[in-house]
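Q: Pasting a structure here, questions to come.
What follows is calculated from the coordinates using simple rules that are stated; it is not laboratory data. Computed from a prediction, not measured in an experiment: that's the story for all the values here. All Cβ positions, glycine included, derive from the backbone under ideal geometry; neighbour counts span all protein chains shown.
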């Protein structure tokens, strides 16, 4: 970004319904040259503005795979998100970014990788999952565990089936409450841990989901023997400016928007309890 406060203009190139209240938007820069400069890492986010409505942060939900678009996945929960859901292909938005630090990638090569996603917490993990799978030979065992409240709440159903079909990925999915057609696990995502083949000392875990889910998953991972520095998650705060100026996302001496939103559990412990 030449100016961190000035958004670039993008247009909606595609819209995909994920669930009854969640949509994925494919966005394309109006100025094609801007795409070349838009280099980002999984875990980073963008500030999306609807002219005359407002601005809100969304994680980048797609990897750079040769296309000229990037994706955000949006659950309708407020004025900005509801307004986004009412737009159609061709509508224009403002985008600032990429912002934040992103997940480690080169640093965790040759390790076993465990992804644990809950509900709408899968979008931040999705680009990292694909980045790891596109470099599959550089990592050890890859496990993807995903949970949602009900079958209707599962996002990226096509991706889920592709991951399930691979013989170089251990994939399991669960829901809190099944229906008459559900044949997979029933229970919170942590109930999948005993069924997964995880070697704690060899594993790096990436966890995203609702705060209560993250709390219990991290507790379980620590009890299994994973190191605090090998558990990564994303923090959610009201990141208004996205560049560490407005203080809305300040925790201790860290700005979630600039120093995060990705933190290891060891870093999070220090932020929450400086003593």
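Q: Tell me, in nm to one decimal, what length is gained between residue 167 and residue 150 on full extension, where the rule is 0.36 nm per residue of separation less the Cα-Cα distance? Could you put the intermediate results ahead of the total?
A: Numbers: separation 17, 0.36 × 17 = 6.12 nm, distance 2.60 nm.
Gain on stretching residue 167 to residue 150: 3.5 nm.
Q: Still on this model: Mean projection of the alpha-carbon convex hull of the range 8-99 over all orientations, in nm²?
A: Numbers: hull surface 21.7 nm².
The number I arrive at for the range 8-99 is 5.4 nm².
Q: Under a plain spin-label model, where a point goes 7 Å from the Cα along Cα-to-Cβ, how far apart in nm are residue 159 and residue 131?
A: Placing both labels 7 Å along Cα→Cβ, they lie 1.3 nm apart.
Q: For the pair residue 266 and residue 201, how long in nm is the line joining their label points, each one 7 Å along Cα→Cβ?
A: 1.7
Q: To continue, here is another question. Pairs of Cα atoms under 8 Å, at least six residues apart: use those to get the relative contact order of the range 176-253, whole percent. It would help to have the intermediate numbers written out before the result.
A: Details: 51 pairs, mean separation 18.9, N = 78.
Relative contact order for the range 176-253 comes out at 24 percent.
Q: With a/c under 1.5 counting as rounded, go ahead and sort the range 171-212 into rounded, prolate or oblate using the C-alpha gyration tensor (a ≥ b ≥ c being the square roots of the eigenvalues; past the cut-off, prolate if a/b is larger than b/c, else oblate). Write down the numbers at each step before the final one.
A: On the way: a/c = 3.08, a/b = 1.67, b/c = 1.85.
In terms of gyration-tensor shape, oblate.
Q: Contact order normalised by length for the range 8-99, with contacts defined as Cα pairs under 8 Å and 6 or more residues apart; what percent is it? If you can, show how the numbers build up before the last one.
A: Values: 178 pairs, mean separation 35.8, N = 92.
Relative contact order of the range 8-99: 39 percent.
Q: Using 7 Å Cα-to-Cβ label points, what is the residue 86/residue 6 separation (nm, one decimal)?
A: It works out to 3.0 nm between the two label points.
Q: So, one more: Against the longest principal axis of the chain, how steep is helix 122-134, in degrees 0 to 90 to the nearest 10, with axes from Cα atoms?
A: In the chain, helix 122-134 runs at an angle near 70 degrees to the longest axis.
Q: Another one. Given the C-alpha atoms of the chain, compute the convex hull and give its volume per residue in Å³. Walk me through the numbers on the way to the answer.
A: On the way: hull volume 36.8 nm³, N = 275.
Dividing the Cα hull volume of the chain by its residues yields 134 Å³.
Q: Using the Kirkwood formula over every pair of different C-alpha atoms, what hydrodynamic radius in Å results for the range 67-213? Before the final figure, lay out each step's value.
A: On the way: mean 1/r = 0.0591 Å⁻¹.
It is 16.9 Å.
Q: Pulled fully out, how much extra length does the chain show between residue 15 and residue 36, if you take 0.36 nm times their separation in residues and subtract their Cα-Cα distance?
A: Values: separation 21, 0.36 × 21 = 7.56 nm, distance 2.27 nm.
Taking 0.36 nm per residue and subtracting the Cα distance, the gain is 5.3 nm.
Q: Hey, another quick one. When ranked by the protection proxy of mean other Cβ atoms within 10 Å per residue, highest first, what sequence do the peptides 192-200, 175-183, 46-54 form?
A: Values: 192-200: 14.7, 175-183: 11.6, 46-54: 17.0.
Packing proxy ranking, top to bottom: 46-54, 192-200, 175-183.
Q: Continuing with the same structure: Which of the peptides 259-266, 84-91 is most tightly packed, and how do the rest follow, judged by the mean count of other Cβ atoms within 10 Å per residue?
A: Values: 259-266: 20.9, 84-91: 12.9.
Listed from highest to lowest mean packing, they are 259-266, 84-91.
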